[in-house]
1. Residues in segment A:188-209 that are buried (at least 23 other Cβ atoms within 10 Å of the Cβ) and under 18 Å from the mean Cα position of the chain (by Cα): how many?
2. How many residues does segment A:132-157 hold that are touching a residue at least 40 places away in the same chain (Cβ under 8 Å) and surrounded by fewer than 24 Cβ atoms within 10 Å (Cβ to Cβ)?
3. Go through segment B:165-179 and give me each residue that's more than 9 Å from every other protein chain (Cβ to nearest Cβ) and either more than 15 Å from A:G212 (Cα to Cα) or free of Cβ contacts under 8 Å to residues at least 24 places away in the same chain (or both).
4. List the pairs whose first member sits in segment B:10-36 and is more than 13 Å from B:I67 (Cβ to Cβ), whose second member is near ligand 1 (Cβ under 9 Å from one of its atoms) and hydroxyl-bearing (S, T, Y), and whose Cβ atoms are under 7 Å apart, counting only residues at least 6 apart or on separate chains?
5. Among A:A178, A:A201, which is the only one that is modelled with pLDDT of 95 or more, farther than 21 Å from A:I140 by Cα, away from chain B (no Cβ under 13 Å) and in a helix (DSSP H, G or I)?
6. Can you name every residue in segment A:210-221 that is surrounded by 20 or more Cβ atoms within 10 Å (Cβ to Cβ) and at the interface with another protein chain (Cβ under 7 Å from one of its Cβ atoms)?
7. Is segment A:153-163 home to any residue that is modelled with pLDDT of 95 or more, within 24 Å of A:C70 (Cα to Cα), within 13 Å of another protein chain (Cβ to nearest Cβ) and in contact with a Gly (Cβ under 7 Å, 6 or more places away or on another chain)?
8. With (1) closer than 20 Å to A:T71 by Cα; (2) assigned to a helix (DSSP H, G or I) as the list, and A:K223 as the residue in question, which single condition is left unmet?
Amino acid sequence: MSEKIQFRIRRQDTPYSPAYWQTFQVPFREGLNVVSALMMIRQNPLTTDGMKVDPVAWEFNCMEEVCGACTMLINHRPMPACSTLVDTLQQPITLEPLSKFPVIRDLMVDRSRMFADLKRVRAWIEIDGAWDIHQGAPRISPEHWRDNYLYSRCMSCGSCLEACPQYGQMLPFVGAAALAAVRLMNNHPTGKYHRKQRLHAIMVEGGLSDCGNAQNCVQVCPKEIPLTTAIGELGRETTVQMLKDLFGSAD
Amino acid sequence: MKASIHDTHFVFRRLHSLLGLLPVGGFLIFHLWENSQSRFGQTHYNDQVVGWLQQLNYLTLLEIFLIALPLLFHALYGLVILYNGKSNLSVYPWQGNLRYTLQRFSGIAVLLFLLLHVGWTRIWAIWEPAIKADLFAHMQGLLIQPSVFLLYLTGLLVSVFHLTNGLWSMAISWGVTTSPRAQSICLGICAFLAVLLSAMGVHGMLGFLP
Ligand code: HEM
Ligand code: SF4
Ligand code: FES
């Protein structure tokens, strides 16, 4: 058995140097995923031309599709490398860094903008303010819990942003992940105290109204988060909030 | 913090969206219905349809404030929105993405078509009173040329697509449809509306032919 898997990998030595391509081969084995293939390349970084090169840099952590770190373009689509099996892919397998984030090196990108945008939309829950907000364990219905749980699975992998035609390094849109985080936090029994502030944070340039409804996000999200549902729900909430702001309301 | 109604960006986006339907989309539907009556013949069309419109009081004001200005805002701001996205259809060839891309291209096509269409009818008629007097004959003279007919057909279909797909996307933006099921039912309704409006438009165009 000497079946070989071919990888074409886009390499880049520094954030500022030009990119170039190299081809590698690894022996196939049952259940091989992209991260394990990259580990084999790292052990023996020999291109198909027989050139000994620097090992390919990439990120990974959990190896069970919950951290998002290993997300890269696999055959031009964003996917978690740890849970993507090699035998589901067409060869040669092309690996590229996500294109919507600055490249650090090879397949490693800098996703800090995602975290900045989560802060921008107040995607956190304040359990303390000038007074104590948290009054005992808040109770919610199982249905409510189930709906919220869907959104809590986001691992900030950036796939939804990669596939979004409205998201880009030079564009202000925060993208589906941050919007879905607003949906999640606004429906949390403690988080809902700051519902209005979060809605206001997405009723600005780069916020909800920059969505163009191409709906690519929901197709590529590896966690199958109902992103377009969140966007529709936020559409309704911002419409109501806008009317409240316009005509006045108690809260 | 500037947000919501104090944020011009959000207000402009919502205004753009609203104006696309009311009054601009509403006018498109009215316009297609109006011209679908071409089949009742030259005299009826000139006297009853166009004649009725032209005798309306404050017609110029209505044209400016209900059609020209909202359309101008929607079109110009539409170009701004166009600049804020980059279609990636070749990598993600999915129907939602296709409609996103077509929404943008159809916007440009509608703009170009409208410049020509308004120029050929409303603007030209300012210098040429004969056009206003017998709009039916003028339209017949235009549409009888196969190339112009084809151009009008394209303009019609592109405008109808832009309106009906815009309606679908509007329903999400304003929060009318949230679940995938609601959005897909809405898409069906919008597609039906597209067929209906296209049929009405083609019917109107054919009515001008001898
Ligand atoms: C017949 C005339 C037109 C009608 C009836 C019309 C109608 C609409 C409607 C109903 C929408 C949906 C708004 C939303 O998604 O919230 C829309 C969106 C749009 N329109 Fe128009 N429109 C017209 C002309 C134009 C023109 C001339 C342009 C300029 C290029 C344009 C550019 C756009 C763009 C870019 C969008 C997408 C907005 C977004 O997704 O955020 N439209 N239009
Ligand atoms: S919403 Fe899905 S695709 Fe987007 S960052 Fe979260 S897990 Fe990734
Ligand atoms: S290593 Fe954590 S998601 Fe792949």
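1. Residues meeting the conditions: 2.
2. 14
3. If the condition is that a residue be more than 9 Å from every other protein chain (Cβ to nearest Cβ) and either more than 15 Å from A:G212 (Cα to Cα) or free of Cβ contacts under 8 Å to residues at least 24 places away in the same chain (or both), then no residue fits.
4. B:F10/A:S209; B:F12/B:Y77; B:R13/A:S209; B:R14/A:S209; B:H16/B:Y77; B:S17/B:S173
5. Working: A:A201 fails: away from chain B (no Cβ under 13 Å).
Selected residue: A:A178, the only one of A:A178, A:A201 that is modelled with pLDDT of 95 or more, farther than 21 Å from A:I140 by Cα, away from chain B (no Cβ under 13 Å) and in a helix (DSSP H, G or I).
6. Within segment A:210-221, A:D210, A:G212, A:N213, A:A214, A:Q215, A:N216 qualify.
7. Looking for residues that are modelled with pLDDT of 95 or more, within 24 Å of A:C70 (Cα to Cα), within 13 Å of another protein chain (Cβ to nearest Cβ) and in contact with a Gly (Cβ under 7 Å, 6 or more places away or on another chain), one finds at least one in segment A:153-163, hence yes.
8. Only one criterion in (1) closer than 20 Å to A:T71 by Cα; (2) assigned to a helix (DSSP H, G or I) is unmet by A:K223, namely (2).
The values are calculated or read from the model by the stated rules, or taken from the named source; none is laboratory data. Because the structure is a prediction, the values reported are computed rather than measured. For neighbour counting, all protein chains shown are included, and Cβ atoms are generated from backbone atoms with ideal geometry for every residue, glycine included.
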